[in-house]
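These notes are about the structure you will find just below.
The values are calculated or read from the model by the stated rules, or taken from the named source; none is laboratory data. Quick caveat, the model's predicted, so the values are computed rather than measured. Using ideal geometry, Cβ is built from the backbone for each residue, glycine included, and neighbour counts are taken over all protein chains shown. Please note that ligands, DNA and RNA were not included when accessible areas were found on the heavy atoms of the full protein model with its side chains. Shrake-Rupley method; radii C 1.70, N 1.55, O 1.52, S 1.80 Å.
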Amino acid sequence: MRKPSKLLTGFVLSVLLTLSAKAEDREFLSTQVPERAAQLPMLNRLPVTNHLELAIGLPFRDTNALYALLRQVYDRRSPNFHRYLTPEQFAQRFGPTEEDYQRVINYAKANGLAVTRTFGNHAVVGVDGQVCDIERMFHVHLGYYQHPTENRKFYGPDAPPSVEAGLKIINVSGLDNYFIPHPDSHLTPIDENKIHRRSKGPVPAGGTYTSVPNGGSFVNGTNALYGKTDYRMAYAYGSSLKGDGQVVGLYEQASYNSSDIYKYETNDDLPLVTLDNVVVESMALNGGNGECALDIEMVIAMAPGVRQVNVYEGNNTDLIMNEIASPTQGEPRPNQISSSWGINGDSIIEGDLAEMALQGQSYFTASGDYGAFIGPDTQSSQYFSSYMTYVGGTQLFMNGEGESWSNEIVWHDPPGTNFNFFASTGGILSDVPIPEYQGGLSMTLSQASTKYRNFPDVAMVARDILSISTAVPTNGSPNVPGVVFITVGTSASSPLWAGFTALVNQQAAAQGLAPVGFLSPALYEIGQEQSYSTNFHDITSGNNSWFDSSDDTGSTNRYDAVPGYDLCTGWGTPAGQNLINALVGFAGPIIVDFNYTGSTQHGTLLYPFKTLGQGANAVSPGGTIFIIDGGSSSETLTISSPMTITAQNGAATVDQ
């Protein structure tokens, strides 16, 4: 088993420089190159005529109010619960001012850089320039260095970048390629002539397809592969929802071949879903197209009725994330987003995630494929946040020909089998404080932390998945489109959750409710209710521990699947329509207006209920009912579950 690559954390803030006499007139920015790497000798300079594309980040205004509102938007007891902002409202309240934004634009132009992209939230300016102009603007020299943990050279600055004092700039990305985002999927090609749909029968681990890769069976002697409707039968059973009207967004650092998607859809009798390529930066077709195609295919398989899938393509994470939060190309804003790429983060990305949450967008990311997380050394180029929902991986067993869910265990391949990666990643993030939604949860069984962020939050199948993409040979041979692959990894699990959330948001929209938004707070509340076992498949078998005999290293903690929450699969996987109903129950407070005269009644602000009894029957346990506009109601009712009832804009009277 390959030892996981190292991640060096922390920003360079302590490099000493010999500065000019006007150093006090400049402000230093954080850089993504770690301190250890900053001490390396420069091998040679970047050619001064080379071009780099950069993203210059500005800070949001009034961040205390921003995060206070964010807490209220996800607090079911607050009148602001799920009252989301539009991108325009967010920009007006929290975005940098037009004056500060224009100053940064003018500064870049004055230093010879071309402005390539601007955003309505004023958080990021995309620029392009020659190395010589970039070095002058940021007072650095750019050069090549030997990477301390990878067999490659990287380029980067010889010192922290700095800008003219008084400019509202907090970071610049694109000055280095120390961290290279990597896809989390792992694909093995198979002969599609050996793939066929299974015949029905009492097979204990059965997907729709069967194949015999490398002359042997692939899953516990049953050679089952998952595709077609398997994901819906396993996780969305009992539901006719298909994601109608919903837009899913995919973060990608690669392009894809549209013919691969067409082949996947037509082979599996799926509808042809509209794909919108939101090109932040042009991408050539490369080996990463397998990840991009997989993500699209998983969304379509789970939610075949979605309005469209936005595929965000580019190299710079800041630009991609800001485009998802604040669209500039006319694409509809997605309510559910998935990323299956390990990325390196910064303050702009954290701000974008907060903005997405305030706008009602759900963001899912693959937890990773290297087993028990014992610190930053076990994840390469991976960014962690409280505003992402982390998705772990399972091995799925189904009854018959993908007819129904049977069982799941933690995805964990023993070392030396199939691949070098091996298990659903989970653990404790000692550099991220525990979020409110994880507070108060009993952590004794799971070994989770009561002080730091724990992950993953949920899980889905991560093994024995059929996908189709283009094979890109490394020997210069022509690309081969339409290759069928066996795929493993949590990178399939994350887009499946985005597709599942499209089903939830379709039902919420049909009931006149807001999108479910950032999902983790609702997941943890549902997980701690008595109805937990009816809403989730609780994964209680397996672990994600590891040991590397080559250097006698391994996970210091063995994280086992346990009843309830654990550090292998979080709360588990969706139990069909039951979880959809539970999540829709969290989509907004129940509104009652005794004076409402309309005929449509959904319990929403636009279509409130007319009686408190209607509200009490509709509210989820622990939820809130707001009686607006005062007034009185003559009714008799019995309240048998916990709820909060609040009168707004005047006193409300209920006779009995």
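Do any strands (runs of 3 or more DSSP E) entirely within the range 288-391 hold 1 or more residues that are closer than 17 Å to Gly489 by Cα, and if so, which?
Correct list: 336-339, 362-366, 370-373.
Please verify whether the range 125-134 includes one or more residues that are touching a helix residue (DSSP H, G or I) at 6+ places or on another chain (Cβ under 7 Å), open to solvent by less than 50 Å² (accessible area, probe 1.4 Å) and not in a strand (DSSP E or B). No, there is no match, as no residue in the range 125-134 is touching a helix residue (DSSP H, G or I) at 6+ places or on another chain (Cβ under 7 Å), open to solvent by less than 50 Å² (accessible area, probe 1.4 Å) and not in a strand (DSSP E or B).
Among the candidates Ala459, Ala492, single out the residue that is at negative phi, assigned to a strand (DSSP E or B) and at pLDDT 95 or above. Talk me through it step by step, then tell me what you get.
Values: Ala492 fails: assigned to a strand (DSSP E or B).
Just a single option satisfies the conditions, and that option is Ala459.
Gly572 - would you say it is open to solvent by less than 20 Å² (accessible area, probe 1.4 Å), modelled with pLDDT under 85 and closer than 29 Å to Gly499 by Cα? Give the steps one after another, and end with the answer.
Values: open to solvent by less than 20 Å² (accessible area, probe 1.4 Å): yes; modelled with pLDDT under 85: no; closer than 29 Å to Gly499 by Cα: yes.
Taking the combined requirement at face value, the residue does not satisfy it.
When the range 543-566 is examined, which residues are found to be more than 30 Å from Gly243 (Cβ to Cβ) and modelled with pLDDT of 75 or more? Working first, answer last.
Going residue by residue through the range 543-566, those that are more than 30 Å from Gly243 (Cβ to Cβ) are 543-560, 562-563.
Asn543, Asn544, Ser545, Trp546, Arg558, Tyr559, Asp560, Val562, Pro563 - these are the residues of the range 543-566 that are more than 30 Å from Gly243 (Cβ to Cβ) and modelled with pLDDT of 75 or more.
Can you give me the number of residues within the range 392-404 that are in a strand (DSSP E or B) and open to solvent by 20 Å² or more (accessible area, probe 1.4 Å)?
3
When Ala618 is tested against (1) crowded, with 22+ Cβ neighbours inside 10 Å; (2) touching a residue at least 24 places away in the same chain (Cβ under 8 Å); (3) over 30 Å from Gly368 (Cα atoms), just one condition goes unmet, and that condition is (1). Can you find a residue that is more than 20 Å from the chain's Cα centre (by Cα), surrounded by fewer than 16 Cβ atoms within 10 Å (Cβ to Cβ) and under 21 Å from Ser541 (Cα atoms) anywhere in the range 419-430? Within the range 419-430 (the criterion being more than 20 Å from the chain's Cα centre (by Cα), surrounded by fewer than 16 Cβ atoms within 10 Å (Cβ to Cβ) and under 21 Å from Ser541 (Cα atoms)), the answer is no, since none of the residues qualifies.
Filter the range 97-124 for residues that are part of a strand (DSSP E or B) and not basic (Lys, Arg) and give the result. Before you say what the answer is, go through the steps one by one.
Going through the range 97-124, the residues part of a strand (DSSP E or B) turn out to be 114-118, 124.
Within the range 97-124, Ala114, Val115, Thr116, Thr118, Val124 qualify.
The set of residues from the range 92-112 being of a type in the set (A, V, I, L, M) and open to solvent by less than 10 Å² (accessible area, probe 1.4 Å) comprises Val104, Ala108. The condition of being touching a helix residue (DSSP H, G or I) at 6+ places or on another chain (Cβ under 7 Å), outside any helix (DSSP H, G or I), more than 22 Å from Gly330 (Cβ to Cβ) and open to solvent by less than 80 Å² (accessible area, probe 1.4 Å) holds for only one of Val48, Val33, that being Val48. Among residues of the range 46-75 that are closer than 21 Å to Val115 by Cβ, those with a Cβ under 8 angstrom from a residue that is part of a loop (DSSP other than H, G, I, E, B) and open to solvent by 70 Å² or more (accessible area, probe 1.4 Å), sequence gap 6+ or separate chain, pair up as Glu53/Asn315; Leu58/Lys168; Pro59/Lys168. Name the residues in the range 320-340 that are open to solvent by less than 10 Å² (accessible area, probe 1.4 Å) and either touching a His at 6+ places or on another chain (Cβ under 8 Å) or not acidic (Asp, Glu) (or both), would you? Within the range 320-340, Ile320, Met321, Asn322, Ile324, Ala325, Ser326, Pro334, Gln336, Ile337, Ser338, Ser339, Ser340 meet the criteria.
Selection of first residues in the range 160-179 that are under 24 Å from Ile343 (Cα atoms) and modelled with pLDDT under 95 and of second residues that are among the β-branched types (Val, Ile, Thr) and part of a loop (DSSP other than H, G, I, E, B), restricted to Cβ pairs under 7 Å at least 6 apart or on distinct chains, gives the following pairs, ordered by first then second residue: Pro160/Val12; Pro160/Val15; Pro160/Thr31; Pro161/Thr31; Pro161/Val140; Leu175/Thr31; Asp176/Val33; Tyr178/Val33. Selection of first residues in the range 455-484 that are under 27 Å from Ala423 (Cα atoms) and of second residues that are assigned to a strand (DSSP E or B) and aromatic (Phe, Trp, Tyr), restricted to Cβ pairs under 6 Å at least 6 apart or on distinct chains, gives the following pairs, ordered by first then second residue: Phe455/Tyr390; Pro456/Tyr390; Asp457/Tyr390; Asp464/Tyr226; Ile465/Tyr226; Leu466/Tyr209; Ser467/Phe485.
A quick yes/no check of all residues on (1) touching a helix residue (DSSP H, G or I) at 6+ places or on another chain (Cβ under 8 Å); (2) open to solvent by 10 Å² or more (accessible area, probe 1.4 Å); (3) of a type in the set (Gly, Ala, Ser); (4) not in a strand (DSSP E or B):
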residue	(1), (2), (3), (4)
Arg453	yes, no, no, no
Ile468	yes, no, no, no
Gly476	no, yes, yes, yes
Thr487	yes, no, no, no
Ala508	yes, no, yes, yes
Gly512	no, yes, yes, yes
Glu525	yes, yes, no, yes
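Here the range 207-249 is the region considered, the condition is being assigned to a strand (DSSP E or B) and modelled with pLDDT under 90, and the residue that is nearest to Gln506 (Cα to Cα) is Tyr226.
Among residues of the range 499-523 that are among the small types (Gly, Ala, Ser), those with a beta-carbon under 7 Å from a residue that is assigned to a helix (DSSP H, G or I) at least six positions away or on a different chain give the pairs Gly499/Met298; Gly499/Val299; Gly499/Met302; Ala508/Val584; Ala514/Ala508; Gly517/Ala357; Ser520/Tyr437; Ala522/Leu583.
Residues in the range 606-656 that are touching a helix residue (DSSP H, G or I) at 6+ places or on another chain (Cβ under 6 Å) and among the charged types (D, E, K, R): Glu635 alone.
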